[in-house]
1. What's the total number of residues in region 76-97 that are free of Cβ contacts under 8 Å to residues at least 12 places away in the same chain, assigned to a loop (DSSP other than H, G, I, E, B) and among the small types (Gly, Ala, Ser)?
2. Is at least one residue of region 46-53 part of a helix (DSSP H, G or I) and either among the aliphatic types (A, V, I, L, M) or surrounded by 12 or more Cβ atoms within 10 Å (Cβ to Cβ) (or both)?
3. Quick one: would you say Ala20 is in a helix (DSSP H, G or I), at pLDDT 90 or above, aliphatic (A, V, I, L, M) and more than 30 Å from the chain's Cα centre (by Cα)?
Amino acid sequence: MSSAPQTARRNNGFTRFAKATATATGNPNTFICALAVLAIWAVSGPLFGYSDTWQLVINTGTSVVTFLMVFLIQNTQNRDSAAMHIKLDELIRITQGAHNALLNLENFSDEEIKKVQANYHALADKAQLAAKGGRHDTGCPPVDPHCHPVAVGGELPTAPIVSETSR
């Protein structure tokens, strides 16, 4: 069984490899190299008589590369998504009037997310009507607690607001 430091090293190594591969494959020069490989393969067709083996080379190569890239891309996407969630959570946390109950929104059920989304759509509709009527569409209107999945007893859970002076 692997020890924790060995597992961390292995994960860190994979993360570095995945990031480097994602960076390299997103490079225009890599695209040009891939086009060159395809061009060489296509031009070599008459040399190999367009044989089944000639076709198998490109099919196998692209299948293997695609299969491996799925995992590398997913790893990179998971890391980027987690980092984005942390950044958004921090913005919610420090914004006075923001609902801290939304910090873990990504863990809500689909039904709970739809309720929150419907509530925010309603707020957007009200703001658009206000703007059309020449009124301000800014501010921090209350969220309808009946549409909020984490409402307890009809009210949103509250957390103490940390002001700049109390930090």
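1. Restricting attention to region 76-97, the residues satisfying the condition of being free of Cβ contacts under 8 Å to residues at least 12 places away in the same chain are 77-78, 80-84, 86-88, 90-95.
From the residues that got through so far, the ones that are assigned to a loop (DSSP other than H, G, I, E, B) too are 95.
Pick out the ones that are also among the small types (Gly, Ala, Ser) and you get none.
Summing the residues that are free of Cβ contacts under 8 Å to residues at least 12 places away in the same chain, assigned to a loop (DSSP other than H, G, I, E, B) and among the small types (Gly, Ala, Ser) in region 76-97 gives 0.
2. no
3. The answer is no for Ala20.
The values are calculated or read from the model by the stated rules, or taken from the named source; none is laboratory data. All figures in this text were calculated on a predicted structure; none of them were measured in a lab. So basically every Cβ, Gly included, is an ideal-geometry build from the backbone, and we count neighbours across all protein chains shown.
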